[in-house]
Amino acid sequence: MAEKRLDALTLEILWQRLITVADQMSTTLARTAFSTTITASNDYGCVLIDADAQCIAHAHRSLPIFNRTMPYTTGLILERFGRENIRPGDVFISNDPWENAGHNPDITVITPFFKDDALLGFAASIAHHADVGGAVDTNQVRDSYEEGLLIPLVRLYCAGEINQTVLDFVAANVRLPTAVIGDIHAQVAANQTGAERCLALLDEYGLPDLRAVSAEIHKRSERAMRAAIAELPDGLYRSTVLVDELDQPLQLVCALEVREDEIFIDFSGTSPQQPRGAINVTFTFTHGQISYALKATLLPDVPGNDGCYRPIHASAPPGCILNAQRPASVSQRHRIGAHIFGAVIQALAEVLPDRVIAGSGFLVSTRVFAQAAEDKAISHSYLFSAGGMGANAWTNGISTVQVPALAGAVPVELFEITVPILTRCREFIPDSGGAGRQRGGLAQRMELGLLPGFDGTATVSVHAAGQNVPPFGLRGGDGGAPAQILRDGEVLSRAEKLLHASALSLTDTQATVGFETAAGGGYGPPKERELASVQADARDGLVSLEEAAALYGVVLDPDSLEIDLKATAAKRRAM
């Protein structure tokens with residue numbers, strides 16, 4: 001009966017229904033969690049995994065890196081605990097960076113589900129938590145021991161009974177135990193939603209398990225990815241990305257080889273892991289970023305699952321910054337990890353110029369830790385701010401959108417409720433997007449100060465990638481503007497940034513701490529940009545009259561903003 005039901009139409013219906021189940025998990029998590037990183041930033045993921053630890057479907061809002069790490073962690077459960085020792089009512093938990101998503105704040109919760117005592121699959125969620133203890137300024141840490149709580153892969157529930165000892169250990173090691181424990185329970189609830197809805201779906205279609213559905217989804221997805229790879233010319237394509245996050249430049253060296261219907265990516269020659277700065281990357285994170293970059297470029301329309309990634313093989317030498325070994329500090333791994341996407345894109349640009357995007361402005365992660373003077377009450381929150389997206393051959397880059405992550409920005413009003421901070425400024429930065437036939441997305445500027453009337457202090461840690469090496473342009477486009485860290489409206493010098501390690505104190509309501517994100521790179525020669533597009537950007541305040549003339553060769557009347565066609569023609573001829 002199962003074979004008969006899995007015709008193409010039934011398979012498509014089941015496939016979409018499984019994605020909907022993952023979306024229902026996502027909704028449950030977002031509505032029951034405590035911290036703004038989950039409820040507002042959507043910094044989490046929800047997936048359905050088959051009994052062999054292969055991802056079948058993920059929620060639309062799942063962060064791509066999480067969709068790749070959760071199946072890996074699930075495989076470790078099968079390996080360490082044994083299939084025969086996993087029972088109904090078990091729930092597993094871990095945040096080990098080398099076995100999950102690369103840094104401690106991302107906690108994974110995995111729930112196996114059964115039918116008649118037979119293991120059918122797993123519902124899994126991962127979320128960025130409000131706090132895991134450790135140093136307030138993660139730029140200062142020297143190893144993973146200073147980065148807070150590490151939860152090995154253990155049972156949170158055993159045959160339906162909660163392991164309170166695990167939660168007690170978590171609560172004793174974090175600053176915000178109510179929020180963290182509440183978010184863990186929200187993940188358990190999300191998983192339960194996924195398990196129940198998945199079992200109901202199988203009953204509805206009279207299927208004994210997920211094996212036939214999973215096998216067909218994976219087979220068709222793998223076939224589609226192999227076909228997409230086979231369209232590329234065989235060969236070795238290289239890129240080198242310079243990264244300047246510390247006081248010395250680092251490099252990511254990417255070699256991408258196409259062999260018939262498979263891709264092999266190797267990062268030999270990449271800089272070694274660093275003894276400080278918390279910017280080291282575990283290979284689980286690296287592998288996820290590679291997978292996402294290739295999937296988004298080669299096969300964007302097929303829903304993500306493990307079948308898509310079977311023709312992709314990745315490696316990075318142990319001990320390099322993209323395969324850091326214990327006990328390296330990794331809490332700021334996204335500052336280097338975000339460049340992996342760009343390295344893969346640049347390697348593909350030679351053979352797929354019309355399907356790649358220019359460099360994107362990177363995430364700026366701001367962490368506020370405040371303490372009241374009188375009662376010592378602690379408040380703590382993250383604020384994620386996106387740079388500009390890179391342009392492609394057809395469209396401008398989107399302003400202030402996270403690439404390659406998909407987490408959203410916390411609304412200013414919600415952020416100000418969580419911590420005693422007043423947002424003094426949040427605005428687009430004109431002229432920041434890289435010039436090109438298609439313009440890069442604009443960056444944003446933000447400045448924060450203490451809330452008037454608050455008696456206490458706050459430490460604001462700003463982690464801004466791309467301060468010294470801006471996002472790249474493609475096919476003659478200019479790079480985007482670099483990121484900056486601000487103190488009282490002024491850009492911190494390089495020496496000041498190294499001295500303060502980006503953790504700045506606010507002790508009075510006049511002082512401010514802020515940042516400028518990096519902007520997206522442009523695509524194509526700027527002088528090929530349509531005149532009307534430059535004029536529209538000027539009218540919207542995105543490009544100044546001076547830059548319109550200097551970069552695009554478009555001369556506009558300062559009063560009417562009409563194009564001076566004669567002066568523009570002369571200007572462009574001279575470019």
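The values are calculated or read from the model by the stated rules, or taken from the named source; none is laboratory data. Bear in mind that the values here come from a model prediction, so they are computed numbers and not experimental data. Every residue, glycine among them, receives a Cβ derived from its backbone with ideal geometry; neighbour counts consider all protein chains shown. Surface areas here come from the heavy atoms of the whole protein model, side chains and all, with no ligands, DNA or RNA. Shrake-Rupley method; radii C 1.70, N 1.55, O 1.52, S 1.80 Å.
Using all alpha carbons of the stretch 347-443, what is the percent of pairwise distances in each 5 Å bin, ordered from the shortest bin to the longest?
Result returned by the calculation: 3, 12, 18, 17, 15, 11, 8, 7, 5, 2, 2, 1, 0.
Compute and list, largest first, the equivalent-ellipsoid semi-axes of the stretch 1-98 from the alpha carbon gyration tensor, each √(5λ) rounded to a whole angstrom.
For the stretch 1-98, the ellipsoid semi-axes come out as 25, 21, 12 Å.
All other residues with a Cβ under 14 Å from the Cβ of LYS115 taken together, and with Lys, Arg as +1 and Asp, Glu as -1, what is their net charge?
-4
From the C-alpha gyration tensor of the chain, pull out the three semi-axes of the equivalent ellipsoid (sqrt of 5λ each), sorted largest to smallest, in whole Å.
Result for the chain: semi-axes of 39, 31, 21 Å.
Sort 59-66, 257-264, 316-323 by packing, meaning the average of other beta carbons within 10 Å per residue, with the highest value first.
Per-residue mean Cβ counts within 10 Å order the peptides as 59-66, 316-323, 257-264.
Once you charge only the Cβ atoms, +1 for Lys and Arg and -1 for Asp and Glu, what is the size of the charge dipole of the stretch 281-358 about its Cα centre, to the nearest 20 debye?
In debye, rounded to 20, the stretch 281-358 gives about 320.
For the chain, what is the mean residue ellipticity at 222 nm derived from helices alone (per DSSP H run of n ≥ 4: -39500 (n - 2.57); sum divided by total residues; nearest 500 deg cm²/dmol)?
-10000 deg cm²/dmol
Cα-based count: Lys pairs in the chain below 23 Å, eight or more positions apart or different chains?
5
Using a 10 Å cut-off on Cβ atoms, rank the peptides 112-123, 81-92 from the highest mean neighbour count down.
Put in order of decreasing packing, that is 112-123, 81-92.
Take the solvent-accessible surface of the protein heavy atoms, probe 1.4 Å, and return the percent of it on the stretch 1-149 that carbon and sulfur atoms account for.
Using a 1.4 Å probe with all protein chains present, the stretch 1-149 comes out at 51 percent carbon and sulfur.
Could you order peptides 94-107, 127-140, 163-176 by the average number of other Cβ atoms within 10 Å of their residues, highest first?
Averaged packing, sorted descending, gives the order 94-107, 127-140, 163-176.
List every DSSP H helix in the chain whose Cα atoms extend 30 Å or more along the helix's own long axis and whose mean Kyte-Doolittle hydropathy is at least 0.0.
8-32, 177-205
Among LEU486, GLY387, LEU149, flag the residue with its Cα farthest along the positive direction of the charge dipole of the chain, charges on Cβ as +1 for Lys/Arg and -1 for Asp/Glu.
GLY387
If one computes the Cα centroid of the stretch 217-235 and of the stretch 448-480, what distance in Å separates the two points?
Result: 39 Å between the Cα centres.
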